[in-house]
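K.L.:
Pasting a structure below so you can have a look.
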Amino acid sequence: MGGAIWAQDLTATDVRFIGNSSTAVGGAVRAKSTASFTRVLATDNHADSGGFVFLNNVGSPSLSIVDSELTGNTASRDGGVGYGNGSNVITVITGTLLAGNGAGAAGGAIYSLGAVSVTGGSFTDNTAGMNSGLSNGWGGAIFAEAPVIADGVAFTRNVALGDAGGAIRS
């Protein structure tokens, strides 16, 4: 769990996560409560869920990604880049490129059971439903079980190979 880092809380600035993997969750990072990433490069990380980061549901969990580049991350199941576990998880993404990420089931880039807020940045060429043995391919860019707020974001060529939400399924 957590191919590179397993932590209660994590703040990472100007860090590179490249080619990490986990046979469980969090290809590069598994955090129990909060994870904050600023100017991070995360590429080619892989896990069962949360190809780059998996956030548990402990306390008041939050995932923040700012001015970062997240590319080529994959999950066998859900959340090619990130997986927020719990209905009270808050995911905030600002000014970030999420491109070429994929999930076997839902959330080609982001899978969250809680709310998601995205400002600026872009989601390009992310894919959900790459594993035809799984029942859904929902949310090519974002899958959320709560509201999604997007402001000034470019969604380009994201694909849900199932039946819901090429860009967003909420």
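The values are calculated or read from the model by the stated rules, or taken from the named source; none is laboratory data. All values derive from a computational prediction rather than experimental measurement. Every residue, glycine among them, receives a Cβ derived from its backbone with ideal geometry; neighbour counts consider all protein chains shown. Surface areas here come from the heavy atoms of the whole protein model, side chains and all, with no ligands, DNA or RNA. Shrake-Rupley method; radii C 1.70, N 1.55, O 1.52, S 1.80 Å.
K.L.:
Search the range 21-32 for residues being over 15 Å from residue 76 (Cβ atoms) and open to solvent by 30 Å² or more (accessible area, probe 1.4 Å), and hand back the single one that is modelled with the lowest pLDDT.
P.N.:
By that ranking, first place goes to 32.
K.L.:
Continuing with this model, one more query. May I ask you to list the residues in the range 130-151 that are touching a strand residue (DSSP E or B) at 6+ places or on another chain (Cβ under 6 Å) and outside any strand (DSSP E or B)?
P.N.:
Of the range 130-151, the ones touching a strand residue (DSSP E or B) at 6+ places or on another chain (Cβ under 6 Å) are 130, 137-144, 146-151.
Listed by number, the residues that qualify are 130, 137, 139, 140, 141, 146, 147.
K.L.:
What are the residue pairs meeting all of these: first residue in the range 16-31, first residue within 14 Å of residue 101 (Cα to Cα) and assigned to a loop (DSSP other than H, G, I, E, B), second residue at pLDDT 95 or above and among the acidic types (Asp, Glu), Cβ atoms under 7 Å, and 6 or more apart or on different chains?
P.N.:
19/44
K.L.:
Could I ask something else about it? Could you check the range 33-104 for strands (runs of 3 or more DSSP E) lying wholly inside it with 2 or more residues that are under 20 Å from residue 154 (Cβ atoms), β-branched (Val, Ile, Thr) and open to solvent by 40 Å² or more (accessible area, probe 1.4 Å)?
P.N.:
Numbers: elements: 41-43, 53-55, 62-66, 69-71, 82-84, 90-94, 97-99.
Result: 90-94.
K.L.:
Report, by residue number, each residue of the range 121-143 that is under 15 Å from the mean Cα position of the chain (by Cα) and surrounded by fewer than 24 Cβ atoms within 10 Å (Cβ to Cβ).
P.N.:
Listed by number, the residues that qualify are 121, 122, 124, 125, 127.
K.L.:
Of 103, 109, 115, 99, which residue is farther than 16 Å from residue 3 by Cβ and under 9 Å from the mean Cα position of the chain (by Cα)?
P.N.:
Step by step, each of 103, 109, 115, 99 is checked, and only 109 is farther than 16 Å from residue 3 by Cβ and under 9 Å from the mean Cα position of the chain (by Cα).
K.L.:
Which residues, taken from the range 1-15, are part of a strand (DSSP E or B), under 18 Å from residue 71 (Cα atoms) and either in contact with a Leu (Cβ under 7 Å, 6 or more places away or on another chain) or open to solvent by 30 Å² or more (accessible area, probe 1.4 Å) (or both)? Before you say what the answer is, go through the steps one by one.
P.N.:
To start, the set of residues in the range 1-15 that are part of a strand (DSSP E or B) comprises 5-13.
Applying the additional criterion that residues be under 18 Å from residue 71 (Cα atoms) yields 12-13.
Correct list: 13 only.
K.L.:
Return yes when residue 162 is more than 13 Å from the chain's Cα centre (by Cα) and in a loop (DSSP other than H, G, I, E, B) and no when it is not.
P.N.:
Here the answer is yes, as residue 162 does meet what is asked.
K.L.:
Could you please give the count of residues in the range 105-120 that are open to solvent by less than 30 Å² (accessible area, probe 1.4 Å) and assigned to a loop (DSSP other than H, G, I, E, B)?
P.N.:
7
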